[in-house]
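Read the structure below first, then the notes.
The values are calculated or read from the model by the stated rules, or taken from the named source; none is laboratory data. These figures come from a predicted structure and were not determined experimentally. Neighbour counts run over all protein chains shown; Cβ positions are idealised from the backbone, glycine included.
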Amino acid sequence: MLQLFRRLALASCLIGLSACASSGIPSDAKTTVLSFEDLDCSSCGDTMARELIQVDGVYKTAFNKRKAELTVIADPTVHVLAIAEKKKPAEEEWKVTLGAGKGRYKAWESAPQGADVQQVAKNGEDVADLTPHIAKGKVTIVDFSAPWCEPCRELDAYIVERLKVRKDVAYRKLDIGDWDTPLAKRFMKEAKELPFVIVYDKNGNRFASLSGLDTNRLDETLVKAGSVIDDAPPSTEAAPATKNP
C-alpha cells in the first residue's frame, strides 16, 4: 500500500511539472495581485495587462474587471508594482496598489439635491419586478449599467445634468455586475450593449428601450414619453438603437 501511495504521489508530481512546463511558466515564478483604486473604465486595466505582458520576465497577466484587480505571474526579480506605476498614464487619476481586495471603481456622479434618484440594485443582484420602482406621474429612466463601463459613466453624467432641469424625470439605477449575473439574465436579453435604458411614461407604462450611448435619442424619447396623455395606451416601443462606432 505504501509503495502504491508513493507511485501515485510521484505521478502527481510529474503531471504538475508537465503542466508547468507546457505553460512556459517556471516553477519559481511569483504571483502578484495589483488593485486599482478609483478606476473609471475596465479598458484601463486591460491596457495595463497588455503593457505588462510585454515586459521581460512577465509570463502571464489577467485583469478581473469586476474586482478591479490585475494578477501578474512573473520572475521573482521583476518589480511588478514599480513597473505598473511607471506605465500608468500621468493624466489618469486612478491609483495602483499592491495586494488583493483593494480594487474599487470611481464613484458615480452625485445627483442634484431633491432629484428623484434611487439605486435599485448593486453588483447584479436580482430584481423580480421593476413596477414598484417606477414613479407614477413622472417619466422614469431605468438605467442598466456597470461601474467598469465607460459609456455608462458618460450617460450617467448626462442624465444627472438633465435632472437639474427636468423635475418631471425619475432616475432608477441598476448595476448589472456583468452579463452573467441574475439581474442581467432577467432584463438584458434584448440589450446589444451597455448602457441599456428602459423609459417609462408618466402613467407607468413601458415606453421605449435604448441600447448603447445615444443622448440625442434619449432626449427625444423623454420628450415623447412626457407628452403621453394621462392613462393613454402605451406607445409602440421604438426600434433598438444602432451601436455607436
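Quick one: is residue 136 at pLDDT below 95 and of a type in the set (Lys, Arg)? Working first, answer last.
Values: at pLDDT below 95: yes; of a type in the set (Lys, Arg): yes.
For residue 136, the condition - at pLDDT below 95 and of a type in the set (Lys, Arg) - is met.
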request  = Can you tell me which residue among 200, 158 is modelled with pLDDT of 95 or more, hydroxyl-bearing (Ser, Thr, Tyr), buried (at least 21 other Cβ atoms within 10 Å of the Cβ) and out of contact with any Pro (no Cβ under 6 Å at 6 or more places or on another chain)?
outcome  = 200
request  = For residue 93, work out the one condition from (1) free of Cβ contacts under 8 Å to residues at least 12 places away in the same chain; (2) more than 30 Å from residue 189 (Cα to Cα); (3) acidic (Asp, Glu) it doesn't fulfil.
outcome  = (1)
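Residue-wise test of (1) part of a strand (DSSP E or B); (2) of a type in the set (Val, Ile, Thr); (3) in the same structural domain as residue 53 (by TED's automatic domain parsing).
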residue	(1), (2), (3)
83	no, yes, yes
86	no, no, yes
89	no, no, yes
92	no, no, yes
107	no, no, no
query = In this structure, does residue 14 turn out to be within 27 Å of residue 148 (Cβ to Cβ) and either at pLDDT below 95 or assigned to a helix (DSSP H, G or I) (or both)?
reply = no
ask   = Does region 165-179 hold any residues that are over 9 Å from residue 144 (Cβ atoms), within 15 Å of the chain's Cα centre (by Cα) and touching a residue at least 24 places away in the same chain (Cβ under 8 Å), and which are they?
value = 177, 178
query = Within region 131-146, how many residues turn out to be free of Cβ contacts under 8 Å to residues at least 60 places away in the same chain and not hydrophobic (A, V, I, L, M, F, W, C)?
reply = 4
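Could you run through region 30-44 and say how many residues are touching a strand residue (DSSP E or B) at 6+ places or on another chain (Cβ under 9 Å), hydroxyl-bearing (Ser, Thr, Tyr) and surrounded by fewer than 19 Cβ atoms within 10 Å (Cβ to Cβ)? Show your work before the answer.
Restricting attention to region 30-44, the residues satisfying the condition of being touching a strand residue (DSSP E or B) at 6+ places or on another chain (Cβ under 9 Å) are 30-42, 44.
Subsequent filtering for residues that are hydroxyl-bearing (Ser, Thr, Tyr) retains 31-32, 35, 42.
Applying the additional criterion that residues be surrounded by fewer than 19 Cβ atoms within 10 Å (Cβ to Cβ) yields 31.
Within region 30-44, residues that are touching a strand residue (DSSP E or B) at 6+ places or on another chain (Cβ under 9 Å), hydroxyl-bearing (Ser, Thr, Tyr) and surrounded by fewer than 19 Cβ atoms within 10 Å (Cβ to Cβ) number 1.
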key: Number of positions in region 25-46 that are modelled with pLDDT of 95 or more, in a loop (DSSP other than H, G, I, E, B) and closer than 24 Å to residue 93 by Cα   = 1
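Determine whether region 47-59 contains at least one residue that is at pLDDT 95 or above, among the polar types (S, T, N, Q), assigned to a helix (DSSP H, G or I) and not assigned by TED's automatic domain parsing to the domain that holds residue 156. Break it down into steps so the answer makes sense when it comes.
Of region 47-59, the ones at pLDDT 95 or above are 47-59.
With the extra rule that they be among the polar types (S, T, N, Q), the set shrinks to 47, 54.
This time we only want the ones that are assigned to a helix (DSSP H, G or I), so: 47.
When the remaining residues are screened for being not assigned by TED's automatic domain parsing to the domain that holds residue 156, the result is 47.
There is at least one residue in region 47-59 that is at pLDDT 95 or above, among the polar types (S, T, N, Q), assigned to a helix (DSSP H, G or I) and not assigned by TED's automatic domain parsing to the domain that holds residue 156.
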